[in-house]
1. In the stretch 187-219, what count of residues is obtained for those that are surrounded by 11 or more Cβ atoms within 10 Å (Cβ to Cβ) and either of a type in the set (D, E, K, R) or closer than 30 Å to VAL22 by Cα (or both)?
2. Of all the residues that make up the stretch 206-229, how many are in contact (Cβ under 8 Å) with a residue 12 or more places away in the chain and of a type in the set (S, T, N, Q)?
3. Of the residues ALA132, ALA117, ALA136, which is farther than 19 Å from GLY237 by Cβ and either surrounded by 22 or more Cβ atoms within 10 Å (Cβ to Cβ) or acidic (Asp, Glu) (or both)?
4. How do the pairs read when you match residues in the stretch 87-99 that are closer than 19 Å to LEU18 by Cβ and in the same structural domain as ALA242 (by TED's automatic domain parsing) with residues anywhere that are charged (D, E, K, R) and in a loop (DSSP other than H, G, I, E, B), using Cβ under 7 Å and keeping only pairs 6 or more apart or on different chains?
5. Would you pick out the residues in the stretch 55-80 that are small (Gly, Ala, Ser), outside any loop (DSSP other than H, G, I, E, B) and either touching a Phe, Trp or Tyr at 6+ places or on another chain (Cβ under 8 Å) or closer than 14 Å to GLY114 by Cα (or both)?
6. Which of the residues spanning the stretch 182-218 are outside any strand (DSSP E or B) and among the aliphatic types (A, V, I, L, M)?
7. Can you tell me which residues in the stretch 224-255 are among the small types (Gly, Ala, Ser) and either in contact with a Cys (Cβ under 7 Å, 6 or more places away or on another chain) or part of a helix (DSSP H, G or I) (or both)?
8. Considering only the stretch 177-203, state which residues are under 19 Å from ALA135 (Cα atoms) and small (Gly, Ala, Ser).
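The values are calculated or read from the model by the stated rules, or taken from the named source; none is laboratory data. What you are looking at is a predicted structure, and each value in this text was computed from that prediction instead of being measured. Cβ atoms come from the backbone with ideal geometry, glycine included; neighbour counts cover every protein chain shown.
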Amino acid sequence: MTIRICVAGATGWVGEALCPAVASASDLRLVGAVARKAAGRPVPGIPEVAISGSVAEALKTPADVLIDYTRPDIVKDNALTAIAAGVAVVIGTSGLSADDYAELDGAARKKGVGVIAAGNFSLTAALMLRFALTAAEHVPQWEVLDYASFTKPDVPSGTARELAERLSEVRRPKIGVPLEKLHGPKETRGAEIAGTRVHSMRLPSYVLAVEALFGAESERLTIRHDAGTSPAPYVAGTLLAARKVGGVTGLVRGLDRLLFPE
């Protein structure tokens, strides 16, 4: 069966690579695209698909899955619009909180559709997350470093947030000195995300990098993912999620859960 796909953020960094990948897949069909500033134009290289200005408009053409690579301030509304229409959702956009994901999970379960979201759909990011979860079972102290471009508006990155929140499912790390007993600006210890201290750096030359640092007596372990300058690593993972989401009800977070089913 061919899966009908609509891509929101079709003219963005990942969307521009994702649309032709969908169109060239034998089991997928691009039926819609969303990009507000390009509304009314055809998708580059795919003249039979016109770009819509909103998800609601695009979904007037029946679709099975909405893939969202847009912005943190609109992704939740896009997902809720798709869910209300009975369309499954794959979310690659960062910036959603645990409460946002809980809301999407509830809406999807009520409607009987699936949502797959990942802070990062690349294979090596999924492996970094899986390895970090394993390490947390054995080493009780860790922190997370989050690197991205100095123009990235959301902190921490979706990759770092997902890592911290998933680590909390294993346990919460031990803290050497409680924040209230620190001397000096407490902000230098980073933000607490689900019990993990997360430090976000925003500098030119970075695309995305995340480090999980584990410390034990007289030894340390660093597990790091670095993104390059191409969106190609995200495409394969996103298409895997698009193929799997039809068999899901409610929300699944993390590409690793597709690669390593329980």
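1. Residues in the stretch 187-219 being surrounded by 11 or more Cβ atoms within 10 Å (Cβ to Cβ) and either of a type in the set (D, E, K, R) or closer than 30 Å to VAL22 by Cα (or both): 10 in total.
2. Of the residues in the stretch 206-229, the ones in contact (Cβ under 8 Å) with a residue 12 or more places away in the chain are 206-216, 221, 223-229.
This time we only want the ones that are of a type in the set (S, T, N, Q), so: 229.
Qualifying residue count for the region: 1.
3. Working: ALA132 fails: farther than 19 Å from GLY237 by Cβ; ALA117 fails: farther than 19 Å from GLY237 by Cβ.
Within the list ALA132, ALA117, ALA136, the selection yields ALA136.
4. VAL87/ASP64; ALA88/ASP64; THR93/ARG71; SER94/ASP154; GLY95/ASP154
5. From the stretch 55-80, those small (Gly, Ala, Ser) are 56, 58, 63, 79; that's our starting set.
Right, trim to outside any loop (DSSP other than H, G, I, E, B) and you get 56, 58, 79.
Correct list: ALA79 only.
6. Initially, the stretch 182-218 is screened for residues outside any strand (DSSP E or B), giving 182-190, 194-195, 203-207, 217-218.
Result: LEU182, ALA194, LEU203, VAL207.
7. At the first step, the residues of the stretch 224-255 found to be among the small types (Gly, Ala, Ser) are 227-228, 230, 232, 236-237, 241-242, 246-247, 250, 254.
The answer is ALA232, ALA236, GLY237, ALA241, ALA242, GLY246, GLY247.
8. So in the stretch 177-203, the residues under 19 Å from ALA135 (Cα atoms) come out as 193-198.
Matches in the stretch 177-203: ALA194, GLY195.
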